[in-house]
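Just below is one structure, and these are the notes that go with it.
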Amino acid sequence: MTTREVEHEITIGAPAAAVYQLLADVTNWPRIFPPTIHVDRVEAEGDEERIRIWATANGSPKNWTSRRTLDPAGLRITFRQEVPAEPVKHMGGTWIIEPLGGSGARVRLLHDFSAIGDDPHDLLWIERAVDKNSTSELAALKANVEAAHAAETEELTFSFTDTVRISGSAKDAFDFINEAHLWAERLPHVAVVRLAEDTPGLQELEMDTRAKDGSVHTTKSYRVVFPHHKIAYKQVTLPALMTLHTGEWTFVETDGGTDVSSQHTVTLNTDNIARILGPEATVADAREYVHTALSTNSCATLAHAKAHAESKAA
């Protein structure tokens, strides 16, 4: 069996402990790393944890389960995939964070891997995916850690949630959100939808939506489906005012019915604020504009999901 070993590294202008902390908390990964769609911490005990990751590899969505060992004193995190995604036979590695003089750090990302059947073409595909993702992840890690030390970071990244109470079941509300291929028929602001689900529970959603001014915008997202309580997503084709958009639809049954929520996390693209909103526009203006646009669509979708679920319950 052929095993490849590769290493990537980057220097970051931030303390090593801050870099380690960001890597250690996997719930941050969809916001930090471009290839990562969603991460669930399946179990954790002491410094050992088991996680499930959904991410793209060479543009294709994949998912796998890994075990990680955290070493905060040594600033190391080792990982080994339990259930790799084809064509990977085995995959593992180590994050190593090395303090540099002053407040800098060097991050080394090591991988070792092999291909099912020792196929040379698959081995090359894996190597390319590892190289592409590692390069992307390290660059994003650098940008995010260094941005965390900037004064206006909290203004640029923000989250909000819209919630509606439904007199119906979580399943019926979930079905409405899950059946996105029907949104062009069900939602006035959606013009065209393209939904693919080659792997059950992992969706690729592309749609054209109409803005208030009549313009049509195309967006693409990957969605991870957890029947019937959550749909997590990451938008990968972004409008000009955003560099990040992740979110979750959640469905919680209560004594009074079901609470359906749409949560968004957004990072603004400051480079485009003046072009889109005018030369006098501020970060606060951009926050309000993006918040209003996303919330308007979410609330419209929630209202239709409520009507759908309550009609089923009638």
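The values are calculated or read from the model by the stated rules, or taken from the named source; none is laboratory data. The structure displayed is predicted, hence computed values, not measured ones. In this analysis, Cβ positions are derived from the backbone assuming ideal geometry, glycine residues included, and neighbour counts consider all displayed protein chains. For the accessible areas, the whole protein counts, side chains as well, though only heavy atoms, and no ligand, DNA or RNA atoms are used. Shrake-Rupley method; radii C 1.70, N 1.55, O 1.52, S 1.80 Å.
Think of each Lys and Arg Cβ as +1 and each Asp and Glu Cβ as -1; about the Cα centre, that makes the dipole of the chain roughly 300 debye.
Taking the helices alone, the chain has a mean residue ellipticity at 222 nm of -9000 deg cm²/dmol, built from -39,500 (n - 2.57) per DSSP H run of at least 4 residues and averaged over all its residues. Extension gain for T218-T243 works out to 7.5 nm (0.36 nm per residue, less the C-alpha to C-alpha distance). Restricting attention to the range 172-314, close to 100% of DSSP beta bridges with both partner residues there are antiparallel. Summing charges over all other residues whose Cβ lies under 15 Å from the Cβ of L138, with Lys and Arg as +1 and Asp and Glu as -1, gives -2.
Here the range 42-131 is treated with +1 on each Lys and Arg Cβ and -1 on each Asp and Glu Cβ, and its dipole about the Cα centre works out to around 240 debye. Rolling a 1.4 Å probe across the protein heavy atoms gives the range 90-191 an accessible surface of 46 Å² per residue. Placing a label point 7 Å from the Cα of S159 along the Cα-to-Cβ line, the residues of the range 11-31 whose backbone N sits under 18 Å from it are 21-31.
Cross-link partners for K212 among the lysines, with Cα-Cα distance under 25 Å and sequence neighbours closer than 8 places in the same chain left out: K220, K234, K306.
In this rough spin-label picture, where each label sits 7 Å from Cα along the Cβ direction, the A274-D47 distance is 5.0 nm.
Mind checking which lysines have their Cα closer than 29 Å to the Cα of K312? Skip sequence neighbours fewer than 8 apart in that chain. Hits, sequence-local ones excluded: K171, K230.
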